[in-house]
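Novice: The following block contains the structure, expressed as structure tokens.
The values are calculated or read from the model by the stated rules, or taken from the named source; none is laboratory data. What you are looking at is a predicted structure, and each value in this text was computed from that prediction instead of being measured. All Cβ positions, glycine included, derive from the backbone under ideal geometry; neighbour counts span all protein chains shown. Ligands, DNA and RNA are stripped out before the accessible areas are found, and what is left, the full protein with its side chains, is counted by its heavy atoms. Shrake-Rupley method; radii C 1.70, N 1.55, O 1.52, S 1.80 Å.
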Amino acid sequence: MSILSIEAEQELTLSVLSHVDKLVEARVEQSREFPYKKKADLKRELSINEAYYKKLVVAGLREVILEENDKTIWVSKKQLEQLMDQLAE
């Protein structure tokens, strides 16, 4: 004889599975690479001067500020490299 009724067992099972799904989803979200890098770090890494960077912004480079009153500008490295390739053509 079972301590829990069949309905209670099913409800408990669904609750546990739901919780596990949420944990797995959170883990996948954490492992996903952040698509943006700091503007200053990218400029240094790719040896880009400010004048060329401004040309990239005019060409459509999107700058992102993640938090209000934060002066850090984030840029998509992938988009920046695509625009550099376009300007090189």
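Novice: Just subtract the alpha-carbon distance of GLU81 and ILE48 from 0.36 nm times their residue separation and send over the number in nm, one decimal.
Specialist: Stretched out fully, the GLU81 to ILE48 stretch lengthens by 10.8 nm.
Novice: In angstroms, what radius of gyration and Dmax does the chain have, counting Cα atoms only?
Specialist: Cα only, the chain: 23.6, 78 Å (Rg, Dmax).
Novice: With the contact rule set at Cα under 8 Å and sequence spacing of 6 or more, what percent relative contact order holds for the chain?
Specialist: Value for the chain: 27 percent.
Novice: Return the sequence-ordered ³J(HN,Hα) values of segment 20-26 in whole Hz as given by the Karplus equation 6.51 cos²θ - 1.76 cosθ + 1.60 applied to θ = phi - 60°, using x for Gly and Pro.
Specialist: 4, 4, 5, 5, 5, 4, 5
Novice: Below 8 Å between Cα atoms, with a sequence gap of 6+, how large is the relative contact order for segment 36-88 in percent?
Specialist: It rounds to 42 percent for segment 36-88.
Novice: A further question follows. Picking from GLN82, ALA26, VAL64, whose Cα lies most toward the positive end of the charge dipole for segment 7-89 (charges on Cβ: Lys, Arg +1; Asp, Glu -1)?
Specialist: GLN82
Novice: I want to check the label-to-label distance for ALA26 and ARG62. Put each point 7 Å from Cα in the C-beta direction and report it in nm to one decimal.
Specialist: 2.8 nm
Novice: For LYS55, project a label point 7 Å along Cα to C-beta. Then give me every residue of segment 75-89 with its amide nitrogen under 13 Å of that point.
Specialist: Of the residues in segment 75-89, 83-89 have backbone N under 13 Å from the label point off LYS55.
Novice: Just the number please: accessible area per residue for the chain, 1.4 Å probe, all protein chains included, in Å².
Specialist: Values: 7670 Å² over 89 residues.
Accessible area per residue: 86 Å².
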